[in-house]
Amino acid sequence: LPGITSVDNDNVAVGRDAAAHLLGRGRAPLLFLNGPEGHAFAQERARGFVAAHRAAGAAVAPDAVQFDVTSAEAARARLGALLARGRSFGGVMASSDEVAIGALRALRDAGLRVPADVALVGMNNDDLAEYTDPRLTSVELNAAELGREAAELLIRSIDRHPPERHLVAHRLVQRDSS
């Protein structure tokens, strides 16, 4: 927002890059277990998800973005319900690694194998991503850098510098789940 100092990731690019990774591996259709619908980051990541589909010439199902999935248990329940209704996915994106772990459980509950049947990508690149089975592909959002930048901008704003917006780079950490 203009006039407000902020630090964030380019969340449109985060959503686009995660979806493009899965689409580039032929994993359509995709499902995105996304964060709270009222939060800007979730809306931006959803826009990136749709943009990746457009760039790949792939269709986006009306319910491909599932908002308000914020815990492992919520992911397990939501994805489990979709699978029970006969929905199938080549790939699942999750708004956090915790949500991805819940999705992994739902896929296993349904007898599906990751990544053989469904590829999976989380976000945050939590330490546990290296210890899931299979190891979780995740988008590194650089939380430490976000915090460092925020502290620097706070000091600058205390010193009466004009408002600034800084974007911290993200990167996809490829592991076994995709």
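The set of residues in the stretch 140-150 being among the aliphatic types (A, V, I, L, M) and exposed (fewer than 15 other Cβ atoms within 10 Å of the Cβ) consists of ALA143, ALA144. Can you name the condition, by its number, that ASP68 falls short on among (1) open to solvent by less than 10 Å² (accessible area, probe 1.4 Å); (2) assigned to a loop (DSSP other than H, G, I, E, B); (3) in contact with an Asp or Glu (Cβ under 7 Å, 6 or more places away or on another chain)? In the conditions (1) open to solvent by less than 10 Å² (accessible area, probe 1.4 Å); (2) assigned to a loop (DSSP other than H, G, I, E, B); (3) in contact with an Asp or Glu (Cβ under 7 Å, 6 or more places away or on another chain), ASP68 misses (1) alone. Among the residues of the stretch 100-139, those identified as touching a residue at least 40 places away in the same chain (Cβ under 8 Å) and either open to solvent by 60 Å² or more (accessible area, probe 1.4 Å) or more than 20 Å from LEU30 (Cβ to Cβ) (or both) are GLU130, ARG135.
Just checking, which of LEU172, LEU153, LEU167 is out of contact with any Leu (no Cβ under 9 Å at 6 or more places or on another chain), open to solvent by less than 40 Å² (accessible area, probe 1.4 Å) and either in a helix (DSSP H, G or I) or not charged (D, E, K, R) (or both)? Break it down stepwise before answering.
On the way: LEU172 fails: open to solvent by less than 40 Å² (accessible area, probe 1.4 Å); LEU167 fails: open to solvent by less than 40 Å² (accessible area, probe 1.4 Å).
Criteria check complete, one pass: LEU153.
A count restricted to the stretch 71-99 and to residues that are closer than 17 Å to ASP133 by Cβ, open to solvent by 10 Å² or more (accessible area, probe 1.4 Å) and touching a strand residue (DSSP E or B) at 6+ places or on another chain (Cβ under 9 Å) stands at 1. Filtering GLU140, GLU145, GLU130, GLU152 for residues that are more than 22 Å from VAL7 (Cβ to Cβ) and acidic (Asp, Glu) leaves a single hit, GLU130. Among residues of the stretch 48-74 that are under 15 Å from LEU23 (Cα atoms), those with a Cβ under 9 angstrom from a residue that is open to solvent by 70 Å² or more (accessible area, probe 1.4 Å) and not in a loop (DSSP other than H, G, I, E, B), sequence gap 6+ or separate chain, pair up as GLY48/ARG16; PHE49/ARG16; VAL50/ARG16; ALA51/ARG16; ALA52/ARG16; ALA55/ARG16; VAL60/ARG54.
For the stretch 23-58, a tally of residues being in contact with a Ser or Thr (Cβ under 7 Å, 6 or more places away or on another chain) and either over 21 Å from ALA72 (Cα atoms) or modelled with pLDDT under 95 (or both) returns 1.
Taken as a whole, the structure leaves SER178 outside the set of residues that are in contact (Cβ under 8 Å) with a residue 24 or more places away in the chain and either more than 21 Å from ASN11 (Cβ to Cβ) or open to solvent by 30 Å² or more (accessible area, probe 1.4 Å) (or both).
Here VAL92 does not qualify as touching a Pro at 6+ places or on another chain (Cβ under 9 Å), modelled with pLDDT of 95 or more, not in a helix (DSSP H, G or I) and not charged (D, E, K, R). Pairs meeting the criteria (first residue in the stretch 1-29 and open to solvent by 50 Å² or more (accessible area, probe 1.4 Å), second residue among the hydroxyl-bearing types (Ser, Thr, Tyr) and in a helix (DSSP H, G or I), beta carbons under 6 Å, at least 6 apart or on different chains) are THR5/SER157. Of all residues in the stretch 9-46, those that are polar (S, T, N, Q), part of a helix (DSSP H, G or I) and within 18 Å of ALA100 (Cβ to Cβ) total 1.
The values are calculated or read from the model by the stated rules, or taken from the named source; none is laboratory data. These numbers come from a predicted model, not from an experiment. Please note: Cβ atoms are built from the backbone with ideal geometry, for glycine as well, and neighbour counts cover all protein chains shown. Remember, those area values only see protein heavy atoms, side chains included, never the ligands or the DNA or RNA. Shrake-Rupley method; radii C 1.70, N 1.55, O 1.52, S 1.80 Å.
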